[in-house]
Amino acid sequence: MELQIDDSVLVRDYMNGDERALELLISKHNQRISSFIYSKVMDREITEDIFQDTFIKVIRTLKRGTYSEEGKFLPWVMRIAHNLIIDHFRKNRRMPRFEGNDDFNIFSLICDDRLNAERQIIKDQIDSDLELLIEELPEDQRTVLIMRIYRDMSFKEISENTGVSINTALGRMRYALINLRKIIERNNIVLTN
Amino acid sequence: MAKIYFENPDKCALIKARPETVSFLLNYSKSLEIVKFDGLSFENNLN
């Protein structure tokens, strides 16, 4: 039969440097304190965290020698655990936690579509290279390409603005793209990221 | 009434902290040293 040493004796021994006394105290009250925390938070991982924080406070108080044996050890530890449980709920109320599941992931709604810094630099570089390449095109092709790609104009609008037929505008766009590809191939330029 | 009492039977679950948690606490305790000087106390964690 296991000999039950009184808590006050174990606490005194621990404060006098006997580390084994702490092991006995934890083992003696582990189930009671863990079950108490679990009954409030209903989460195994949070229970582990609060149990750990509770005993860290206990250890620091005992090692500092500021613990006074006014009440019993267990009610004191339970009070610490209780305060930490309240802190946990307060913290969660200030910063509610949402966990997605297989059916719904919150990040599908709140994800950031912006490019990261590296990709943004690459994109800017490609854009500026492309502008230089477009400058190499003949004037009529360059005008159609800029209106179509950069100003998002329809071929009907381009034809009205440049005074040519839609077919001519389409043809100029086609040649602009062919010539751009030729310039890119001739100069071995890589425009992808 | 029975329904109310047995709404959440998990609340009465008996559980224990994991051995890793206990082991961490024992190691933390061994590594923690309190130095008192001139009415002030300083914590040393010798990991």
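Each value in this text was obtained by applying a stated rule to the coordinates, not by laboratory testing. Quantities reported herein were computed from a predicted structural model and do not represent experimental measurements. Ideal geometry is used to build each Cβ from the backbone, glycine not excepted, and the neighbour counts take in all protein chains shown.
Assorted remarks:
- Using bins of 5 Å that start at zero, the share of Cα-Cα pairs per bin across segment A:7-94 amounts to 3, 14, 26, 24, 16, 10, 5, 1, 0, in whole %.
- Within segment A:106-189, trypsin sites (Lys or Arg not before Pro) in DSSP loop having at most 13 other beta-carbon neighbours inside 10 Å: A:ARG114, A:ARG151
- Once exposed loop chymotrypsin sites (Phe, Trp or Tyr not before Pro) are cut out (DSSP; at most 13 other Cβ, 10 Å), longest piece of chain A: A:1-97
- The mean number of Cβ atoms from other chains found within 10 Å of a Cβ in peptide A:42-50 is 2, as a whole number.
- All lysines inside 28 Å of A:LYS156 as judged from Cα atoms, apart from same-chain residues fewer than 8 positions distant: A:LYS182
- Distance violations [Cα-Cα > 31 Å] among A:LYS40/B:LYS36; B:LYS16/B:LYS36; A:LYS28/A:LYS63; A:LYS91/A:LYS123: A:LYS40/B:LYS36; B:LYS16/B:LYS36; A:LYS91/A:LYS123
- For peptide A:165-177, the mean count of partner chain Cβ atoms within 10 Å of a residue's Cβ comes to 0.
- Shielding of A:27-34 by partner chains, average beta-carbon count, 10 Å: 3
- Rounded to the nearest 500, the helix-only mean residue ellipticity at 222 nm of chain A stands at -22500 deg cm²/dmol, with each DSSP H run of n ≥ 4 adding -39,500 (n - 2.57).
- Top positive-direction residue, dipole computed over chain A with Cβ charges, set A:TRP76, A:LEU191, A:LEU115: A:TRP76
- Rounded to the nearest 20 debye, the dipole magnitude of segment A:117-186 is 340 debye, with +1 charges on Lys and Arg beta carbons, -1 on Asp and Glu beta carbons, and the Cα centre as origin.
- The charge dipole of chain A, taken about its Cα centre with unit charges on the Cβ of Lys, Arg, Asp and Glu (plus for the first two, minus for the last two), comes to roughly 360 debye.
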